[in-house]
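Reading through the structure tokens given below for one structure.
The values are calculated or read from the model by the stated rules, or taken from the named source; none is laboratory data. In this text, all values refer to a predicted model and were calculated from it rather than measured experimentally. Note that we place each Cβ from the backbone using ideal geometry, even for glycine, and neighbour counts take in every protein chain shown.
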Amino acid sequence: MENKTLKQSLMSLQNRLARHRVMQVAVAGALLAAVVTQPAVAAPDKVVVYQAFQSIQYLPLYVAIDKGFFAQNGLDVQKVTAGSGAQGVAAVIGGHADFSLQDPMTAALANLKGATLINVANVVAGVPVWVIAPPDSTLKTQADLAGKTVSAALPPSTSTYLLERLIKQEKLADVNLNTVQIGTELAPVSAGRAAAAVLYEPQVDQGIASGYKIVYAFPKAYPGGYAFSTLDTLASTIKEKPAMVSAFVKSIAEAEALIQQSPETAKAVAVAEFPTLDKKVVETAVDRLISQKIYAATPDISEQAFRNALDLQEYIGNIKPGSITYGNAVDDTFAKASAK
């Protein structure tokens, strides 16, 4: 009797174990099915953007990176400093970069040599160039530059080209240019070898912090805007990766909107990007660039802004009139779509 009871108990235990194993297999199968059917999270697209220089004028790009707009739009963006606009454009042509940021005319000049670069987003939409003079200077307007020496960046530099055109248009006699490496334009003035300097930010506000005064402001000469620095990519990239280009331009649009909505946020990013510069100088420079509409409010590249930039290159003889047009150099569809 005891053997029968023991045998029944063992059989009951075996049945329970068998049912437990069946349940384990069923649960494991369900879990595996759930994992298999779970949609995979797409890896972000890796994107490389070459900038001509590390420049406070390029703040929209830095804000897009710092505030995570690229990441939110599915992009993993690497920023590389080329050292010049031409080198940035060359990186795109050579397949080392997806985008480059510099004067759109640099891309236009490359296209005249057979490249197929298209400008897709505006970053610097005004002319960030000023002529400044020391506090004890008698210079008050551009007319006072006649007969003086002005420090300017070594060509090719838009600031120098703008000054040269101003001199010709205003018929300013005997203006001499002391050309130096870009970013060192104040040195000849400080040394007494030049009466004024034409330069960009943050050098402008570095000078003003030392008592310098503005003699002439180029932003006021272009109320219709000026495509000073844009993002370009290859025509083949637009055709093969339109979603990536769209996400990139959308991220720039979000950064540009944030700069306009929150100058304090913009200044914080700029201070972090330029830690060796005086914080007050950086903040004042950003305020000036916002108030004088230098930062693009949207990535839209207007035909007028592009024409203003093209006019300068045609004026100095770098581009033959008619060889470059808005239609063959700009694709504004991504910028317009980002505003919707």
*asked:* Restricting to region 195-230, and then to whatever is of a type in the set (G, A, S) and under 21 Å from T138 (Cβ atoms), can you tell me which residue is surrounded by the fewest Cβ atoms within 10 Å (Cβ to Cβ)?
replied: G211
*From the list E283, E303, E314, which one is touching a Phe, Trp or Tyr at 6+ places or on another chain (Cβ under 8 Å) and among the charged types (D, E, K, R)?*
E303
*With respect to A143, determine if the residue is in a helix (DSSP H, G or I) and touching a strand residue (DSSP E or B) at 6+ places or on another chain (Cβ under 9 Å).*
no
_Some residue of region 229-237 being outside the structural domain of K293 (by TED's automatic domain parsing) and within 28 Å of L61 (Cα to Cα)_ = no
_Suppose we filter T325, T284 for residues that are surrounded by fewer than 17 Cβ atoms within 10 Å (Cβ to Cβ) and more than 18 Å from the chain's Cα centre (by Cα); which single one remains?_
T325
*Just a yes or no: is a residue in region 114-130 more than 19 Å from the chain's Cα centre (by Cα) and part of a strand (DSSP E or B)?*
yes
*asked:* For the condition surrounded by fewer than 21 Cβ atoms within 10 Å (Cβ to Cβ), of a type in the set (A, V, I, L, M), modelled with pLDDT of 95 or more and within 17 Å of V127 (Cα to Cα), what is the one hit in I301, I294, I290, I319?
replied: I290
*asked:* Pairs needed: first member in region 277-298, closer than 22 Å to K250 by Cα; second member anywhere, buried (at least 16 other Cβ atoms within 10 Å of the Cβ) and among the aromatic types (F, W, Y); C-beta distance under 8 Å; at least 6 residues apart or different chains.
replied: L289/Y295; I294/F228
